[in-house]
Amino acid sequence: MIRPLADRVVIEPQEAQTRTAAGLYIPDSAKEKPQQGIVVAVGPGKADEPMEVKVGDTVLYGKYAGVELTVEDKKYLIVKQSDILAII
């Protein structure tokens, strides 16, 4: 598994919606990048900035935040804690 350093957080992004609330299917070309995910690993934090998120939290993050990577066919995102906008 991935072990983040300092104030980094590993997030497993949730899949983008495939249908609208009205039941219409959204084509791949119109899907937006997901901005919500589940925290799977948390770094130790910095001396002056303790970690506020924990493993299992569902979070919202910026659209272009972090670094995407794939491990064993699963997509993950590594972001700084400051790129997380909210805990849901």
> Mind checking which of 68, 32, 12 has the largest fluctuation in a GNM of the chain, springs on alpha carbons under 10 Å?
Replying inline: 32
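Exactly which chymotrypsin sites (Phe, Trp or Tyr not before Pro) in the range 10-88 are in a DSSP loop and have at most 14 other Cβ atoms within 10 Å? Let's see the in-between values first.
Values: sites: 25, 61, 64, 76; in loops: 64.
Answer by residue number: 64.
Under the 0.36 nm per residue contour assumption, what length would be gained going from the current alpha-carbon distance of residue 48 and residue 16 to full extension? Don't skip to the end; give the middle numbers.
Working: separation 32, 0.36 × 32 = 11.52 nm, distance 3.53 nm.
Computed gain between residue 48 and residue 16 is 8.0 nm.
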> Scanning the chain for trypsin sites (Lys or Arg not before Pro) in DSSP loops with at most 14 other Cβ atoms within 10 Å, what's the longest stretch left with none?
Replying inline: 1-30
> Got a sec to turn the phi values of the range 46-55 into Karplus ³J(HN,Hα) couplings, 6.51 cos²θ - 1.76 cosθ + 1.60 with θ = phi - 60°, whole Hz, x for Gly and Pro?
Replying inline: 10, 4, 9, 9, x, 6, 9, 9, 9, 4
> Using 1/(1 + (r/R0)^6) with R0 = 25 angstrom and r between the beta carbons of residue 28 and residue 67, what's the FRET efficiency to the nearest 0.05?
Replying inline: 0.65
>> Quick check for the chain: number of Lys pairs with alpha-carbon distance under 23 Å, counting only pairs 8 or more apart or on different chains?
In response: 16
>> Using the Karplus curve 6.51 cos²θ - 1.76 cosθ + 1.60 with θ = phi - 60°, what ³J(HN,Hα) values do you get for each residue of the range 66-71, in whole Hz, with x for Gly and Pro?
In response: x, 10, 8, 8, 10, 10
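Suppose a student asked you for the relative contact order of the chain, using Cα pairs under 8 Å spaced at least 6 residues apart; what percent would you report? Before the final figure, lay out each step's value.
Values: 173 pairs, mean separation 29.3, N = 88.
Relative contact order comes out at 33 percent.
Each value in this text was obtained by applying a stated rule to the coordinates, not by laboratory testing. Model, not experiment: these values are computed from the prediction. Using ideal geometry, Cβ is built from the backbone for each residue, glycine included, and neighbour counts are taken over all protein chains shown.
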